[in-house]
Amino acid sequence: MTKHYDVIVIGAGSMGMAAGYYLARQGVNVLLVDAFDPPHDQGSHYGETRIIRHAYGEGREYVPLALRSQVLWNELEKKTHHKIFMQSGAIGFGQKGNAPFIDEAIESAKEYNLNVERLNGAELKDRFPGLTVPDDYDAFYEPDSGFLFSENCIQAYRELAEFHGAELSMNDPVQTIEAYDHSVKVITKKGSFTGDKLILSAGSWNGKLASNVGLNLPLVPSRQPVAWFEANEALFNANAFPTFMVEVPNGHSRAIYYGFPSFGGCGVKVGRHEYIDAIDPDTMNRNFGSSENDEGHIREFLDRFMPEASGELKKGVICMYTRTPDDHFIIDKHPEHSHISIAAGFAGHGFKFASVVGEILSQLAISGETDHDISLFRINRPSLSMKAKN
Ligand SMILES: Cc1cc2nc3c(=O)[nH]c(=O)nc-3n(C[C@H](O)[C@H](O)[C@H](O)COP(=O)(O)OP(=O)(O)OC[C@H]3O[C@@H](n4cnc5c(N)ncnc54)[C@H](O)[C@@H]3O)c2cc1C
């Protein structure tokens with residue numbers, strides 16, 4: 001017999017698991033379906049940690065959401081035995097006059113009166129002696145930010161969602177979705193379920209699944225290497241060194257590198273924001289090192305800016321971003337089926353918002369509205385040039 005739910009969440013990863021928790025906590029009868037068994041190493045949340053920063057280079061509109069997320073992460077930390085947040089602080093730096101990402105982060109801090117200190121390259125080196133930064137660089141330091149233990153976050157939401165009565169169907173890929181006027185039917189590998197409402201939050205697979213409900217979303221998944229390196233622990237441990245975002249001139253453009261201090265001897269973790277290498281999530285090469293750039297780009301960055309963190313490669317993994325044409329998320333109701341919500345395109349900076357996105361998705365599912373400003377993430381904004389599928 002097909003079981004019926006108030007809400008079905010397809011994709012119980014970063015965004016979906018949080019949504020499941022906020023729904024179950026309010027007494028909603030919710031089913032979470034996932035192709036794997038989150039947290040896992042197949043999607044976008046793998047690799048232990050994610051930066052949370054409040055001053056925002058991708059656009060100051062994100063600041064209120066980052067602040068609300070932080071409140072919700074702190075709440076989660078109190079409700080679970082899992083470690084959720086490490087307040088290591090966060091820095092950002094780039095060449096003065098040639099670093100729009102850093103400039104926007106600094107402006108966002110001014111606009112929202114964030115606890116952010118402005119430094120030049122020389123002051124930054126004094127504060128964090130592991131850095132080699134030209135004096136003409138511009139920098140900022142946010143003491144209240146740090147990093148999240150992403151897999152713990154999902155595990156904690158999962159346990160709490162189940163505690164509040166959510167049902168889970170794991171290792172159960174969704175094959176088809178049928179949308180009706182006031183309900184949905186979800187057909188999975190293991191069976192079928194019906195629901196009054198649906199949340200589609202399937203990460204890099206959203207593009208494929210959204211076509212089931214008549215949407216042709218311009219989502220591009222990409223392959224993202226990230227690696228851990230042996231470092232001078234005195235200089236780079238999480239009590240002495242913050243997370244970092246660095247904007248580096250790169251030909252006519254700029255490259256952004258990001259990373260984390262070492263904790264428990266894990267080494268310094270570094271990645272490069274890059275949106276080349278569009279892939280199919282079902283066939284992507286998941287072997288770190290299969291391209292020489294996997295380590296090469298990061299190694300060049302470390303040699304130049306953090307030579308004492310450029311030790312032996314300890315570990316490398318491959319993860320996925322999913323990008324939209326204008327680099328902003330999609331968080332909205334389906335234009336023709338208002339009982340379906342979509343959360344997609346979280347690129348390389350979405351995890352920190354998973355808590356507030358979960359809250360937003362729960363509000364959209366329950367009342368059709370949210371008290372957060374999500375106008376930037378509208379599904380029908382012109383910069384997405386979304387075409388409805390015939
Ligand atoms: C290397 C790397 C570093 C990053 N660093 C940061 C950072 O420092 N700070 C930050 O804020 N963000 C960061 N991000 C971005 C962030 O991790 C992602 O934006 C976020 O995890 C996306 O969440 P999601 O819920 O969309 O995807 P996921 O967490 O991948 O969840 C999607 C879920 O959908 C499931 N699914 C897929 N297909 C189906 C199906 N057919 N049926 C059922 N379930 C299905 C998947 O199994 C998965 O569990 C980083 C990402 C990467 C890859």
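Under the Kirkwood approximation applied to all pairs of distinct alpha-carbon atoms, what is the hydrodynamic radius of region 324-380 in Å?
Radius from the Kirkwood sum: 11.5 Å.
Under 19 Å Cα to Cα from residue 190, which aspartates and glutamates show up? Leave out anything in the same chain fewer than 8 places away.
Result set, ordered by chain and number: 34, 37, 167, 172, 178.
Which order do peptides 80-93, 221-234 fall in by mean Cβ count within 10 Å, highest first?
For the peptides 80-93, 221-234, the packing ranking is 221-234, 80-93.
Determine, from the Cβ-Cβ distance of residue 380 and residue 107 and an R0 of 41 Å, the FRET efficiency 1/(1 + (r/R0)^6), rounded to the nearest 0.05.
In this case the efficiency is close to 0.90.
For a protection proxy built on the mean count of beta-carbon atoms within 10 angstrom, sort 97-109, 339-351 highest first, please.
Working: 97-109: 18.9, 339-351: 25.2.
Final packing ranking: 339-351, 97-109.
Pick out, in residue order, every one of the chymotrypsin sites (Phe, Trp or Tyr not before Pro) in region 137-198 that is DSSP loop and has at most 15 other C-beta atoms within 10 Å; say none if there are none.
Those satisfying the criteria are 180.
Can you pick out the pairs among 197/333; 269/315; 79/197; 125/314 whose Cα atoms lie more than 18 Å from each other?
Too far apart for the 18 Å limit: 79/197; 125/314.
Taking only the alpha carbons of region 295-390, what extent do you get along each of the three principal axes, in Å, biggest first?
Principal-axis extents of the Cα atoms in region 295-390, largest first: 53, 30, 20 Å.
So what's the angle, to the nearest 10 degrees on a 0 to 90 scale, between helix 100-111 and the longest Cα principal axis of the chain?
80
To two decimal places, what compactness ratio does region 150-292 give when its Cα radius of gyration is scaled by 2.2 N^0.38 Å?
In units of the 2.2 N^0.38 Å rule of thumb, it is 1.41.
Using a 1.4 angstrom probe on heavy atoms only, work out the carbon and sulfur share of the accessible area of region 133-237 in %.
Roughly 50 percent, rounded to a whole number.
Helix 293-305 versus the longest principal axis of the chain: what is the Cα-based angle in degrees, 0 to 90, to the nearest 10?
Once rounded, the angle reads 40 degrees.
In Å², and per residue, what accessible area does region 240-336 have when probed at 1.4 Å with the other protein chains present?
So region 240-336 comes to 43 Å² accessible per residue, rounded to a whole number.
Quote the accessible area belonging to residue 319 in square angstrom, nearest 10, computed with a 1.4 Å probe and with ligands, DNA and RNA left uncounted.
Around 10 Å² of this residue is reachable by solvent.
Would you kindly find the accessible area of residue 6, with a 1.4 Å probe and non-protein molecules such as ligands, DNA and RNA excluded, rounding to the nearest 10 Å²?
Approximately 60 Å² of residue 6 is accessible to the 1.4 Å probe.
How far apart, in nm, are two points set 7 Å out from the Cα along the Cα-to-Cβ line at residue 170 and at residue 196?
Each label point lies 7 Å from its Cα, and together they span 2.8 nm.
How fast does region 154-209 diffuse by Stokes-Einstein, in µm²/s, taking the Kirkwood radius from C-alpha pairs at 4 °C and 1.567 mPa s?
So the translational diffusion coefficient is about 102 µm²/s.
If you split all Cα-Cα distances of region 208-353 into 5 Å bins from zero, what percentages do you get per bin, shortest first?
The percentages, shortest bin first, are 2, 9, 16, 18, 17, 14, 10, 7, 5, 3, 1, 0.
Can you pull the percent of Cα pairs in region 40-181 with separation above 24 Å?
47
Using the C-alpha atoms of region 91-153, what convex hull volume per residue, in cubic angstrom, is computed?
About 110 Å³ per residue, rounded to a whole number.
Would you compute the Debye intensity of region 1-106 from its alpha-carbon atoms alone, equal scatterers and no solvent, and pass along log10 I(q)/I(0) at q = 0.18 Å⁻¹ to two decimals?
At q = 0.18 Å⁻¹ the computed log10 ratios are -1.07.
In degrees, nearest 10, range 0 to 90: what is the angle between the Cα axis of helix 354-367 and the longest Cα principal axis of the chain?
20
Using a 1.4 Å probe on the protein heavy atoms only, what accessible surface does residue 183 show? Give it in Å² to the nearest 10.
30
Using only the alpha carbons, work out the radius of gyration and Dmax of the chain in angstrom.
Over the chain's Cα set, Rg and Dmax evaluate to 20.7, 68 Å.
The values are calculated or read from the model by the stated rules, or taken from the named source; none is laboratory data. The structure displayed is predicted, hence computed values, not measured ones. Note: ideal-geometry Cβ built from the backbone for every residue, glycine included; neighbour counts use all protein chains shown. All accessible areas refer to the heavy atoms of the entire protein, side chains included, with ligands and DNA or RNA removed. Shrake-Rupley method; radii C 1.70, N 1.55, O 1.52, S 1.80 Å.
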